[in-house]
Structure formats: C-alpha cells, structure tokens
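Below is one structure, written out as structure tokens; comments come after it.
What follows is calculated from the coordinates using simple rules that are stated; it is not laboratory data. Quick caveat, the model's predicted, so the values are computed rather than measured. We place every Cβ from the backbone using ideal geometry, glycine too, and count neighbours over all the protein chains shown.
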Amino acid sequence: MIWLWLIPLAVLLAAAYRWQFWRIPKKGLLALMYHHIGTVEQTDGQFPFTVTPQCFEQQLDMLQKHGFTPVGLEEVKEAARTGRRLPAKPVLLTFDDGHLDNFENLFPILKKRNVKVILFLITDYIGQKPGYISWEQVLEMHQSGLVQFGSHTLSHARLRKLSEEDILRELTQSKKVLEEHLGVPCEAFCYPFGSGGFDKRVRPLVFKAGYLFDFSTKPGINPWPWKAKKTLLRAFPRGGETLTDFYVQITRGKSKF
C-alpha cells in the first residue's frame, strides 16, 4: 500500500528537519556559546551547558578542518570600523559566566592551541562565589593575550525586570570594574538569560553604557558586516551532542528545531 511508504518518508523528513540538514549553509560571522568545559553526569542540571575537554578539542579540529578561523573581538571591531575583511570563515568562541573550569580546563587548551576566546564575566561573582574564577586567574588569562573579557552584568540579573536606573547600574558598574582591573576598554556585553532576559527598553541602554557589541542566546550565524540592528546571534553546542550536531551548528547556526 502507498501509505506504508509514507511512514519512512515522514520519519526521514522529520529527522532532516530536526538536524537542519535541509537548510542551506549560511555565511557570515559565526559565534559559538559555551559555559563549562568539564565532565558532569547526564543527570546534572549543567549537563547541557557542559562540553568535555576532549569534545571541545574535537570541535576545534572540526573548525580547522572546515576552514574556520577563530578570531578575537579586537579583530571584529577593527573590521567593523575600517571595512577590512575578516577571514573567509570567522568564528568567535564565547563563554558565559566565568566558571572556574574555564581557567582549569579551557585555558590549558587555549595555550596549547593558541586559540582566542571571549569570556563574559558576572563581576560580583569573581573571587566571591564558589565555582567561579578569581581576579588573579582573570589577570593571568588576560595577560596571555588569548582571552578577552566582556560583561555579563554585576549580578546576573534578569534586566527586563529591573528599573532603568538599576539596569544602567548593572551595565555601567560591571563595565567599570572590568576596565579598572584589566586596564583596557570593555566593549562587549552578553545578556543574562539570553533573549528572555531583556526587552525593548534594555538594548538601547547597553549602547548608552558604552558597549559596542551585544550578544544574546538567539541561534544563528551573523550576516557580515554586522549592522547592530539586532543582537549578535550565537550557535549553542550542547553537552552530549555529536560531531554531526556540531557540524550543523557551525554551518546552519543550530542543530535542533
């Protein structure tokens, strides 16, 4: 019967949709969003946000294999300012929150491979909250030239729930703290709780506070040059995903629905 042939066809189409294979590969500035580099049990709430060191290195290998070039924020800023071309397949590796494993597990990989990343820090947590990096570790990473830092607010507040005064405090004070410790401008900001953490009031205040780039959790690949009409998109490699998932992330901007 004809309907029997429709079942495997429907399964195939569903799988293709889930894995985004049917979408045309996108070009532009790829930004990848990470949190933890480490190992946790699948039952741990941080499992989706945790990529093992081995898997992270395999992902770096895949980026290299497919012609991607990790770039730093300074290179992106200079290209945006001057119109200079970025590498053919530029990728920003970004890490949210400032977890201790970023120093213990990620940093050695960066030094071994000479790869640049951006860490978005919750400044009230630095050296104060267990499981987060210290100022000494931040400075060591900064001095390596491999790690640049952006703000993730003072307290990881959901900004859309705050008054304008408190929003500006979270934005400006975290920026000031980072600049005082590092001695360089802090020009990148990452919204806590991603797209659900801000509303139409918040984004103009980010630029009013002096940031040049704002990152959300909305998936995708950024058209280049970036016009700042929308936040910078970030693909999200999750813990437990395969390298096939990762390939779709870096070519389509997401692997799931």
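Helix-only estimate, please: 222 nm mean residue ellipticity of the chain, summing -39500 (n - 2.57) across DSSP H runs of length 4 or more and dividing by its residues, to the nearest 500. Don't jump to the answer; show the numbers that get you there.
Details: 8 runs with 92 residues, N = 257.
Using -39500 (n - 2.57) per qualifying helix, the result is -11000 deg cm²/dmol.
Label-to-label distance, GLU104 versus HIS66, with points set 7 angstrom from Cα along the beta-carbon direction: 3.1 nm. The relative contact order of the chain, computed from alpha carbon pairs under 8 Å that lie at least 6 residues apart in sequence, is 24 percent.
Listed by chain and number, the aspartates and glutamates whose C-alpha is less than 17 Å from the C-alpha of LYS26, apart from same-chain residues fewer than 8 away, are ASP245. When the chain is treated as a GNM with alpha-carbon contacts under 10 Å, the residue of ASN222, ASN102, ASN114 showing the greatest mean-square fluctuation is ASN114. Computed from Cα positions, the angle between helix 2-18 and the longest principal axis of the chain comes to roughly 20 degrees. Charging the Cβ of each Asp and Glu at -1 and of each Lys and Arg at +1, and nothing else, the dipole of the chain about its Cα centre rounds to 1440 debye. Within the same chain, lysines fewer than 8 places from LYS111 are excluded, and of the rest, those with a Cα less than 20 Å from its Cα are LYS65. Could you point to the label whose value was computed as percent of Cα pairs over 25 Å apart for the structure here, given (i) 45; (ii) 52; (iii) 57? Step by step, percent of Cα pairs over 25 Å apart for this structure corresponds to label (i). Multiplying the residue separation of GLU41 and THR242 by 0.36 nm and subtracting their alpha-carbon distance yields 70.7 nm.
Taking each residue as 0.36 nm, the span from ASP199 to SER163 lengthens on full extension beyond its C-alpha to C-alpha distance by 11.8 nm.
As a test of the definition: which semi-axes, in Å, follow for the stretch 32-107 when you take the square root of five times each eigenvalue of its alpha carbon gyration tensor? Largest first, please. All intermediate terms of the calculation are to be shown ahead of the outcome.
On the way: eigenvalues 156, 42, 17 Å².
Semi-axes, largest first: 28, 15, 9 Å.
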